[in-house]
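Input: a single structure, listed below in structure tokens.
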Amino acid sequence: MVLSIVLGAPAMPQSAKQSQCVVCHMEMESDTGPAHDFSFDIHFQKGLGCADCHGGDPDVDDMDKVRASAGWRGVPGRSAVPEFCGRCHSDAGYMHEHNPRLPIDQLDKYKTSVHGQRLFQKGDPKVATCVSCHTAHKIGDAAMPHSTTNPANIPSTCGACHSNAAFMAEYGIPTDQEELYRESVHGKAVFIKKDLTAPVCNDCHGNHGAAPPGASSLSAVCGMCHAIEADLYVSSPHFEAFAAQGLPMCETCHGNHGIGTPTHALIGLREGQLCGNCHSPGEGTTAPQQIDSMRAAFESLTEAVDSSQHLVSEAAVRGMMVTDIEFALKDIDQVLIHMRSSVHAFDVDSLIPYATDGLEKSRAVQAGAAALIHEYYFRRWGLGISSVLITFLAIALYLKIRALDRPRA
Amino acid sequence: MASLPAETSDRRQRLFKWIDARLKIQDLVDYMSHKVVPLHGHSIFYYLGGLTMFLFLIQVATGILLLMYYRPGADSAYESVKFIISEVSFGWLIRSLHSWSANLMILVAFLHMFTVFFTQAYRPPRELTWFSGVALLGLALTFGFSGYLLPWNELSYFATRVGTGMMHAIPFVGQYLLAILRGGEEVTGATIGRFFGLHVAILPALFTAVLAIHLLFVQRQGMSEPVSWHVKAADKKKYMKFFPNFLYRDLLLWLVTLNVLALLAVVFPDGVGVVHWPLGAKADPFAPPPEVIRPEWYFMFAFQALKLLPARVLFLEGEQFGLVLMSLGGLIWLLIPFLDKRSKRNESSPMWMGFGIVVVAFILVMTISGYLIK
């Protein structure tokens, strides 16, 4: 027990301590291996031992006798892994006893996934099975940072196969998803801001039923989080136009794995701006004018916000208390977020109320900041005048003291 | 200097007689006109007491103004201080003056005490003046400690939690004292109520009473003359009239201090360096404590000394040992008029002066290392 605390490993439950499997395998392994890894495994922490998966008699120290003992299941072949794990994980009674909050449909879902279909229908031995994502003996709760299924580790877990160009060559799908994702707005949220609520691979593609979302289901996938944008888009003229051309709704403009940070700089007809991919200045519709007006509305507000921030900084560096106007600035950020969402209605009239509200708030912030800067100079002047008065009094008193000290004639 | 016109002088005399007939102030004027202040190389030290009192008066005036808007309580203290500094006209200035004068008052009070110590001005018959002075410094420190929590911001909350937590180290009664001080097991809104009552009612009443006693002693006994004057010929001793010569000099120093105070309050409204009191974020008991929690600068030496002690010393916990040691040191400091036998004979006391130097060095080293060592 003391040794396990010192080494940082969890204490062994009674069943595992008594297991002869661990005793022998620890001796056979160097510093890593199933017996070593298993101390980090959620099954071990819940009190399960080697025999619960591999069968056999855990009290026997002769391997031949173990293999001959009742219930011996041994090590499953790669294609047998899903059924091997499903023996317990698809058993409602067994799981209710051990972890009732865990679903029991993983195997069923897996069979519907691209991985499962290739394994069971085409006998492809390379596809991912349970152990590919969860590991064999170091399976962790997804909430634990060391777990391969923790949100922060999911891109690496999926990328272990999907970023391997040689491994994926025969499937004819890109292998840059992980690289693109890490640079995307979602990837930066996960890896830089450490925001584990941001979507990783399985949030869009699913877990055990993993599949690439089709064009028709994209709105449901993105709309799971971006509900307002999805609603506005469905009511917009783009919905039918994209559907008619078979274009995926969100992905057409934003891309998929490498989704960039959305800014109003994307609105416009010039090169590199999204609208210009389909629209052109002389196309004979109101769209180019709408696009220009939408961009202008954004620019007027963001310029006002920049000026406001500059003034607030000016007040702050002078040591004035700017917490209230900083809160007001955050309100304008909220307006900008609403405005960016409203872009998905593709109607300049839906942006105007937000732009007007934002500009009004911005003017209020600028007035507040200007008042603070004025107050700063007022204080300096006040200090100067009062100092002159006090100094004058002090000099007068000093002269009086000198007169008192002077010997009388 | 030109003399006043006869008519004006006559009018003043009539006014004085009118007041004297009702208040009998002629005795006081006679007493004041005979009062003198010794003139020697260290006469400048005599101004420190008056300066401390001047800063205390600023504390009282600004404190009363703050009291008009301050609302004690976990839900209102922080908000009311924020209101004072952001909405109330000149509220920021009043808070800044209050904080600056508090820090300066404690600094000057410390200087006053050390100059009294090193000039052996505590020697008979001024033992009681010394006791009342040390009591005033103790009360001023308690003022500082109780006032620090009142804004109920992150900094004050955690510093008070650490500061009051030291009570725990007091043997046998520590836990009870801690509960009494905090109004419960933790620093909560109940603690603000207690500290507020202490800060604006109990301490001002006590301080005013002890200050009155201290001033009475000073006035009745006069300023202490240097030890070496005991053997000095009477005609070699020089004096200055208290009124108006010394009093005018006092006033001049007060005016200069007021100017410095105004400058500090306007240029550094939230303090500067290790003396700072930014409002910052509201206290959140569930938030993680700041990386570095430091007490006010005048408690730093004790805080640092306790921090450097090992977990156990002899049969006591480190903190307990430190508190016992510092209490003993404080007791010796307080009883110095009785312990310094040589001063009773108007002789200098190298041993006790050495003790004083060790105390000052200890305070300085601990305070500086407290800010340098994280």
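Show me the helices (runs of 4 or more DSSP H) entirely contained within the stretch A:102-175 in which 2 or more residues are without any contact (Cβ under 8 Å) to a residue 60 or more places away in the chain and of a type in the set (Gly, Ala, Ser).
A:154-162, A:165-168
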Any idea how many residues of the stretch B:17-56 are under 30 Å from B:LYS282 (Cα atoms) and either surrounded by fewer than 12 Cβ atoms within 10 Å (Cβ to Cβ) or out of contact with any Phe, Trp or Tyr (no Cβ under 8 Å at 6 or more places or on another chain) (or both)? 1
Could you pull out the residue among A:LEU372, A:LEU404, A:LEU389 that is at the interface with chain B (Cβ under 10 Å from one of its Cβ atoms), surrounded by fewer than 18 Cβ atoms within 10 Å (Cβ to Cβ), part of a helix (DSSP H, G or I) and touching a helix residue (DSSP H, G or I) at 6+ places or on another chain (Cβ under 8 Å)? A:LEU404
Quick check on the stretch B:327-339. Is at least one of its residues touching a helix residue (DSSP H, G or I) at 6+ places or on another chain (Cβ under 7 Å), under 30 Å from B:THR62 (Cβ atoms) and either away from chain A (no Cβ under 14 Å) or part of a helix (DSSP H, G or I) (or both)? no
Which numbered condition trips up B:GLN221, out of (1) more than 10 Å from chain A (Cβ to nearest Cβ); (2) in contact with a strand residue (DSSP E or B) (Cβ under 8 Å, 6 or more places away or on another chain)? (2)
Hey, which of the helices (runs of 4 or more DSSP H) in the stretch B:1-83, taking only ones fully inside, have at least 3 residues that are within 27 Å of B:LEU253 (Cα to Cα), more than 28 Å from the chain's Cα centre (by Cα) and of a type outside the set (Val, Ile, Thr)? B:26-34
For the structure I just gave you, tell me whether A:ILE395 is surrounded by 15 or more Cβ atoms within 10 Å (Cβ to Cβ), in a helix (DSSP H, G or I) and facing chain B (nearest Cβ under 10 Å). no
Determine which single condition A:LEU269 fails, assuming it passes every other condition in (1) assigned to a helix (DSSP H, G or I); (2) among the hydrophobic types (A, V, I, L, M, F, W, C); (3) without any contact (Cβ under 8 Å) to a residue 60 or more places away in the chain. (1)
Of everything in the stretch A:324-333 that's exposed (fewer than 13 other Cβ atoms within 10 Å of the Cβ) and either among the β-branched types (Val, Ile, Thr) or more than 14 Å from chain B (Cβ to nearest Cβ) (or both), which residue is nearest to A:GLU303 (Cα to Cα)? A:ASP333
Considering only residues that are within 7 Å of chain A (Cβ to nearest Cβ), within 21 Å of the chain's Cα centre (by Cα) and β-branched (Val, Ile, Thr), which ones fall in the stretch B:246-280? B:VAL256
Say we look at the stretch B:67-83 and pick out the residues that are surrounded by 15 or more Cβ atoms within 10 Å (Cβ to Cβ) and within 14 Å of another protein chain (Cβ to nearest Cβ); which of these is nearest to B:TYR157 (Cα to Cα)? B:TYR78
State all residues of the stretch A:364-394 that are in contact (Cβ under 8 Å) with a residue 40 or more places away in the chain and more than 18 Å from B:LEU264 (Cα to Cα); if no residue qualifies, say none. A:VAL365, A:GLN366, A:GLY368, A:ALA369, A:ALA370, A:LEU372, A:ILE373
Out of the residues in the stretch B:227-245 that are within 10 Å of chain A (Cβ to nearest Cβ) and in a helix (DSSP H, G or I), state the one that is farthest from B:TYR47 (Cα to Cα). B:PRO244
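Throughout, read-outs are computed from the coordinates displayed, never taken from laboratory work. Keep in mind that this is a model prediction, so the values were computed, not measured. Glycine gets a Cβ as well: all are built from the backbone with ideal geometry, and neighbour counts include every protein chain shown.
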